[in-house]
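Written out below as structure tokens is the structure these notes cover.
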Amino acid sequence: MSVQTNRPTLLLIHGAWQGAWVWDAFQQEMQQKGWPTHAVDLPGNGHDDTPADQVNLDSYVRCLTDWIDAQDGPVVLVGHSGGGVVASQTAEARPERVQAVVYLAGMMLPSGVGFGEVVQAVLPLHPAAAGIGPYLQWSPARDLSWVPPEAAQDIFLHDCPPEVAEPASHRLVPQPEAGRALVATLTPERFGRIPRIYVEALYDRSVILPVQRHMQTLCPGAHRLSIATGHAPHVAAPHLLAELLDDALSTIVKSGQPD
């Protein structure tokens, strides 16, 4: 099926330690269903020469809004994991251009709330909420972290076939900490007017389900979808994820853009 140009472009935002490559299989699935897509490499994540001390939420949002401003039509923001915060702040910056925001096991947080606060709230009852944190390795200045491949395969990619999980785990890059500890500033008039979808990953070992549910409670109003995968549905089950989002987004697109 050819891409339908009357549909908004899916702007795909990766999470920490990742890059645009993580969306490859999912992009193929969505394009076959007629959705244009664009996966971005966020600055400072090993794909350009941005220094770690210049990586922050502003630099991420500027990267995305520059791309949006160069396009003619609307977009749907799809943020995986920490990319969810970037999606929220981008929606706040360009609400007139964003038709919907999709959080894929993502950090959907209220204004002024960091993901660490959510984890701390859930930890007493769910120690696994620590996720990848205990496995991280750090630079001496603690301004960069990276994920050992074995930990990536166990926490992020445990439900992927070995021939997918092993090479993906070695493609992860050092993550600037200022681009990981993100806190959005959002308003009801801008971000709050945009339809949202939350895709919860039922077997996630990184952002475990109780953490995902807590975020949905803190930031209510999103349409919930569930998928029986770990932390990376777009890697582990791109076809199934595409089926879910094709149906949900088609309904939103038919209803038109928010006022």
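The values are calculated or read from the model by the stated rules, or taken from the named source; none is laboratory data. Model, not experiment: these values are computed from the prediction. Here the Cβ positions follow ideal geometry from the backbone for every residue, glycine too, while neighbour counts run over all protein chains shown. Just the protein is used for accessible areas: all its heavy atoms, side chains included, with ligands, DNA and RNA removed. Shrake-Rupley method; radii C 1.70, N 1.55, O 1.52, S 1.80 Å.
Do we find that residue 239 is crowded, with 17+ Cβ neighbours inside 10 Å and either outside any helix (DSSP H, G or I) or not hydrophobic (A, V, I, L, M, F, W, C) (or both) in this structure?
no
Could you figure out which of (1) in a helix (DSSP H, G or I); (2) under 26 Å from residue 9 (Cβ atoms); (3) open to solvent by 60 Å² or more (accessible area, probe 1.4 Å); (4) not aromatic (Phe, Trp, Tyr) isn't true of residue 87?
(3)
Within the set of pairs 6+ apart or on separate chains, which have a first residue in the stretch 80-106 that is over 14 Å from residue 38 (Cβ atoms) and at pLDDT 95 or above, a second that is part of a strand (DSSP E or B) and of a type in the set (Phe, Trp, Tyr), and C-beta atoms under 6 Å apart?
84/103; 103/198
Condition check ((1) touching a strand residue (DSSP E or B) at 6+ places or on another chain (Cβ under 9 Å); (2) open to solvent by 10 Å² or more (accessible area, probe 1.4 Å); (3) on the phi > 0 side of the Ramachandran plot) across all residues:
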| residue | (1), (2), (3) |
| --- | --- |
| 135 | no, yes, no |
| 144 | yes, yes, no |
| 148 | yes, yes, no |
| 152 | no, no, no |
| 172 | yes, yes, no |
| 193 | no, yes, no |
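Somewhere in the stretch 202-213, is a residue assigned to a helix (DSSP H, G or I), of a type in the set (S, T, N, Q) and open to solvent by 60 Å² or more (accessible area, probe 1.4 Å)?
Among the residues of the stretch 202-213, not one is assigned to a helix (DSSP H, G or I), of a type in the set (S, T, N, Q) and open to solvent by 60 Å² or more (accessible area, probe 1.4 Å), which makes the answer no.
Could you list, in sequence order, the residues of the stretch 51-73 that are part of a loop (DSSP other than H, G, I, E, B), open to solvent by less than 40 Å² (accessible area, probe 1.4 Å) and in contact with a Gly (Cβ under 7 Å, 6 or more places away or on another chain)?
Residue satisfying the conditions is 55 alone.
Counting only residues that are over 18 Å from the mean Cα position of the chain (by Cα) and assigned to a loop (DSSP other than H, G, I, E, B), which one in the stretch 18-34 is nearest to residue 157 (Cα to Cα)?
Selected residue: 33.
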